[in-house]
Amino acid sequence: MKTPYFKKTADSAGNEWVDSQDIFQYTDELGPFFNKWYQFIVKKCEQLNYYNNHTSTAYGNPDLSWLIGFCSGWLSAKNCYEDTKDNICYIKNQHDKVVMKFDVPKISKMEMENRKELNNLLDEVFG
(Lines give C-alpha, C1' and ligand atoms only; values in the text may rest on other atoms or scores of the structure.)
Protein backbone atom coordinates (compact mmCIF):
# COMPACT_ATOMS: atom_id res chain seq x y z
CA MET A 1 0.00 0.00 0.00
CA LYS A 2 1.32 3.42 -0.95
CA THR A 3 1.56 5.89 1.96
CA PRO A 4 -0.74 8.87 1.38
CA TYR A 5 1.28 12.10 1.25
CA PHE A 6 -0.58 15.40 1.31
CA LYS A 7 1.67 18.07 -0.15
CA LYS A 8 1.22 21.79 0.34
CA THR A 9 0.45 24.07 -2.55
CA ALA A 10 0.94 27.82 -2.78
CA ASP A 11 -0.96 30.60 -4.49
CA SER A 12 0.50 33.67 -6.20
CA ALA A 13 0.48 35.61 -2.90
CA GLY A 14 2.67 32.97 -1.25
CA ASN A 15 -0.03 31.50 1.00
CA GLU A 16 0.35 27.75 1.49
CA TRP A 17 -2.30 25.14 2.24
CA VAL A 18 -2.85 21.39 2.24
CA ASP A 19 -5.79 20.05 0.21
CA SER A 20 -7.72 17.17 1.77
CA GLN A 21 -9.17 16.26 -1.62
CA ASP A 22 -5.77 14.85 -2.61
CA ILE A 23 -6.99 11.65 -0.91
CA PHE A 24 -8.94 10.84 -4.05
CA GLN A 25 -5.74 10.05 -5.91
CA TYR A 26 -5.23 7.14 -3.49
CA THR A 27 -8.75 5.68 -3.48
CA ASP A 28 -8.03 2.75 -5.79
CA GLU A 29 -5.05 1.62 -3.74
CA LEU A 30 -6.44 2.28 -0.26
CA GLY A 31 -9.88 0.72 -0.55
CA PRO A 32 -11.48 0.38 2.91
CA PHE A 33 -8.65 2.39 4.49
CA PHE A 34 -9.98 5.45 2.66
CA ASN A 35 -13.45 5.07 4.20
CA LYS A 36 -12.07 4.79 7.73
CA TRP A 37 -9.71 7.76 7.57
CA TYR A 38 -11.50 10.24 5.31
CA GLN A 39 -13.05 12.35 8.11
CA PHE A 40 -9.73 12.52 9.93
CA ILE A 41 -7.94 13.68 6.78
CA VAL A 42 -10.48 16.45 6.18
CA LYS A 43 -10.23 17.70 9.79
CA LYS A 44 -6.42 17.43 9.88
CA CYS A 45 -6.16 19.55 6.72
CA GLU A 46 -8.56 22.09 8.28
CA GLN A 47 -6.31 22.19 11.34
CA LEU A 48 -3.15 22.68 9.28
CA ASN A 49 -4.82 25.36 7.13
CA TYR A 50 -6.53 27.13 10.05
CA TYR A 51 -4.55 30.37 9.91
CA ASN A 52 -5.11 30.75 6.17
CA ASN A 53 -8.85 31.12 6.83
CA HIS A 54 -8.93 32.63 10.34
CA THR A 55 -6.99 35.14 12.39
CA SER A 56 -5.82 35.02 15.98
CA THR A 57 -8.09 36.54 18.57
CA ALA A 58 -7.41 37.88 22.03
CA TYR A 59 -9.73 35.19 23.41
CA GLY A 60 -7.98 32.19 21.88
CA ASN A 61 -9.19 30.06 19.02
CA PRO A 62 -11.91 27.63 20.14
CA ASP A 63 -12.39 26.27 16.62
CA LEU A 64 -8.70 25.39 16.37
CA SER A 65 -8.82 23.82 19.84
CA TRP A 66 -11.75 21.69 18.72
CA LEU A 67 -9.88 20.55 15.58
CA ILE A 68 -6.79 19.67 17.61
CA GLY A 69 -8.96 17.72 20.07
CA PHE A 70 -10.77 15.90 17.27
CA CYS A 71 -7.52 14.87 15.57
CA SER A 72 -5.85 13.86 18.83
CA GLY A 73 -8.87 11.79 19.88
CA TRP A 74 -9.08 10.10 16.48
CA LEU A 75 -5.40 9.16 16.57
CA SER A 76 -5.71 7.88 20.12
CA ALA A 77 -8.68 5.69 19.16
CA LYS A 78 -6.67 4.26 16.23
CA ASN A 79 -3.56 3.64 18.42
CA CYS A 80 -1.60 6.14 16.35
CA TYR A 81 0.33 9.29 17.10
CA GLU A 82 1.56 12.42 15.36
CA ASP A 83 5.25 13.22 14.87
CA THR A 84 6.35 16.46 13.19
CA LYS A 85 9.86 16.79 11.76
CA ASP A 86 11.22 19.19 9.14
CA ASN A 87 7.78 20.70 8.44
CA ILE A 88 6.26 17.30 7.70
CA CYS A 89 3.61 15.83 9.99
CA TYR A 90 3.90 12.03 10.15
CA ILE A 91 0.97 9.95 11.36
CA LYS A 92 2.44 6.73 12.74
CA ASN A 93 0.87 3.61 14.19
CA GLN A 94 1.92 1.85 17.41
CA HIS A 95 4.67 -0.01 15.48
CA ASP A 96 6.21 3.29 14.26
CA LYS A 97 5.08 2.59 10.70
CA VAL A 98 4.13 5.77 8.81
CA VAL A 99 0.41 5.65 7.98
CA MET A 100 0.29 9.02 6.17
CA LYS A 101 2.21 12.29 5.82
CA PHE A 102 1.16 15.93 5.63
CA ASP A 103 3.28 18.92 4.66
CA VAL A 104 2.90 21.66 7.26
CA PRO A 105 2.11 24.97 5.53
CA LYS A 106 3.85 28.08 6.79
CA ILE A 107 1.72 30.70 8.47
CA SER A 108 0.76 33.52 6.12
CA LYS A 109 2.44 36.92 6.32
CA MET A 110 -0.88 38.54 7.18
CA GLU A 111 -1.33 36.23 10.18
CA MET A 112 2.23 36.90 11.34
CA GLU A 113 1.55 40.65 11.17
CA ASN A 114 -1.69 40.19 13.14
CA ARG A 115 0.15 38.22 15.82
CA LYS A 116 2.86 40.84 16.07
CA GLU A 117 0.26 43.61 16.41
CA LEU A 118 -1.66 41.62 19.03
CA ASN A 119 1.53 41.01 21.01
CA ASN A 120 2.39 44.70 20.88
CA LEU A 121 -1.07 45.64 22.17
CA LEU A 122 -0.81 43.09 24.99
CA ASP A 123 2.63 44.45 25.91
CA GLU A 124 1.20 47.98 26.09
CA VAL A 125 -1.70 46.86 28.29
CA PHE A 126 0.22 44.55 30.65
CA GLY A 127 3.66 46.17 30.27
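The values are calculated or read from the model by the stated rules, or taken from the named source; none is laboratory data. Bear in mind that the values here come from a model prediction, so they are computed numbers and not experimental data. Glycine also receives a Cβ, built like all others from the backbone with ideal geometry; neighbour counts cover every protein chain displayed. Quick note on the areas: whole protein, heavy atoms, side chains included, nothing else; ligands and nucleic acids left out. Shrake-Rupley method; radii C 1.70, N 1.55, O 1.52, S 1.80 Å.
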In the set (i) 1.01; (ii) 0.96; (iii) 1.20, which value of Cα Rg over 2.2 N^0.38 Å was calculated from the structure you see? (iii)
How many nm is it between the label spots at Lys116 and Asn93, if each spot is 7 Å from the Cα in line with the beta carbon? 4.6
Place a label point 7 angstrom from the Cα of Thr84 along the Cα-to-Cβ direction, then list the residues of segment 102-120 whose backbone nitrogen is under 17 Å away. 102-109, 111-112, 115
With unit charges on the beta carbon (Lys/Arg positive, Asp/Glu negative), name the residue among Gln94, Cys71, Tyr51 whose Cα is farthest towards the positive pole of the charge dipole of segment 1-113. Gln94
Nearest-ten-degree value, helix 109-126 long axis tilted from longest Cα axis of the chain: 50
With each run of n ≥ 4 DSSP H residues scored as -39500 (n - 2.57), what mean residue ellipticity at 222 nm is computed for the chain after dividing by its residue count and rounding to the nearest 500 deg cm²/dmol? -14500 deg cm²/dmol
Please list the non-local residues whose amide H lies under 5 Å from the amide H of Tyr5, H modeled 1.01 Å from N, same-chain partners needing a gap of 5 or more. Lys101
Taking the chain as the reference, fit the longest principal axis to its C-alpha atoms, fit the long axis of helix 62-77 to the helix C-alpha atoms, and give the angle between the two in degrees, 0 to 90, nearest 10. 30
At a 1.4 Å probe, what is the % contribution of carbon and sulfur to the accessible area of segment 53-107? 51
Using the Cα centre of the chain as origin and beta-carbon charges of +1 (Lys, Arg) and -1 (Asp, Glu), tell me which of Ile107, Leu122, Phe24 is placed farthest towards the positive end of the dipole. Phe24
